[in-house]
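Note sheet for the following structure.
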Amino acid sequence: MSKTIKATAIAAVSALSLNASASELTFGISEHVVSADLKSYLNEHTNLEAGYIYSDKKGHLAEFAMHMVHQTGPHTIEVGPKWSSVWFDDSPNGSVISVGGHYSLALNNNLSLHGDAYYAPSVLSFSNVDGYTELGAKVKYSFNPNMALFVGYRNLTFKYDDRSDRSFDDGFYIGGTAKF
């Protein structure tokens, strides 16, 4: 593991160990990709999120986000910036600051629909990257308020000026979430 990835992981744990009222740990897996995400709620209207994705065919991706949260009835909207840094195995590395968020709709006590969307134009892209788009959707089934399983789809694409766009992850995955 490189020094940059270790420093990023230490910074994420330090930032998320602030006085938070609740936390959520999510793991996802597909044939070639494994992901982990830790979300800490600072209060009912703000959260911090740190994530790591490893692809055995593409490389590593680290993400940090801060969202403003609004919940009304069955709808939850989280909006804010996200910093993402990618270390491709066979493409140029880079970082972006994207804007976007999460949306969820609780269909009943156990079943919910979730969507994610982020976008980074070239002005918010650094190193060798010239843009970024992220789209995702999942269906989550909660066994109780603290444990859930899901199936989802996500597409993470980095754009370049001098070469074709590079998808870091594009496919279906399964996973679980634990709240504590």
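The values are calculated or read from the model by the stated rules, or taken from the named source; none is laboratory data. Since this is a predicted model, take the numbers as computed values, not measurements. Cβ coordinates were reconstructed from backbone atoms using ideal geometry, including for glycine residues, and neighbour counts include every protein chain displayed. For the accessible areas, the whole protein counts, side chains as well, though only heavy atoms, and no ligand, DNA or RNA atoms are used. Shrake-Rupley method; radii C 1.70, N 1.55, O 1.52, S 1.80 Å.
Hey, among Ser40, Ser104, Ser112, which residue is in contact with a helix residue (DSSP H, G or I) (Cβ under 8 Å, 6 or more places away or on another chain), open to solvent by less than 70 Å² (accessible area, probe 1.4 Å) and free of Cβ contacts under 8 Å to residues at least 60 places away in the same chain? Matching residue, one of Ser40, Ser104, Ser112: Ser40.
Scanning the range 64-84 for residues that are small (Gly, Ala, Ser) and either modelled with pLDDT under 95 or open to solvent by 70 Å² or more (accessible area, probe 1.4 Å) (or both) yields a count of 1. Applying the criterion of being loosely packed, with under 13 Cβ neighbours inside 10 Å and in a loop (DSSP other than H, G, I, E, B) to the residues of the range 151-180, the residue that is farthest from the chain's Cα centre (by Cα) is Asp162.
So, in the range 133-145, of the ones that are in contact with a Lys or Arg (Cβ under 9 Å, 6 or more places away or on another chain) and surrounded by 12 or more Cβ atoms within 10 Å (Cβ to Cβ), which residue ends up farthest from Ala22 (Cα to Cα)?
Among residues in the range 133-145 that are in contact with a Lys or Arg (Cβ under 9 Å, 6 or more places away or on another chain) and surrounded by 12 or more Cβ atoms within 10 Å (Cβ to Cβ), the one farthest from Ala22 (Cα to Cα) is Thr133.
Would you be able to say whether some residue in the range 35-42 is within 25 Å of Asp165 (Cβ to Cβ) and either modelled with pLDDT of 95 or more or within 10 Å of the chain's Cα centre (by Cα) (or both)? Yes, the conditions are met somewhere in the range 35-42. Looking only at residues in the range 88-101 that are in contact with a Lys or Arg (Cβ under 7 Å, 6 or more places away or on another chain) and in a loop (DSSP other than H, G, I, E, B), the one that is surrounded by the most Cβ atoms within 10 Å (Cβ to Cβ) is Ser91.
Within the range 44-63, take every residue that is open to solvent by 70 Å² or more (accessible area, probe 1.4 Å) and over 11 Å from the mean Cα position of the chain (by Cα) and give me the one that is farthest from Leu25 (Cα to Cα).
Lys57
The set of residues in the range 19-37 that are open to solvent by 30 Å² or more (accessible area, probe 1.4 Å) and outside any loop (DSSP other than H, G, I, E, B) comprises Ala22, Leu25, Phe27, Ile29, Val34, Ala36, Asp37. Of all the numbered requirements in (1) of a type outside the set (Ser, Thr, Tyr); (2) modelled with pLDDT of 95 or more; (3) open to solvent by 90 Å² or more (accessible area, probe 1.4 Å); (4) more than 17 Å from the chain's Cα centre (by Cα), Pro121 misses one, and that requirement is (3).
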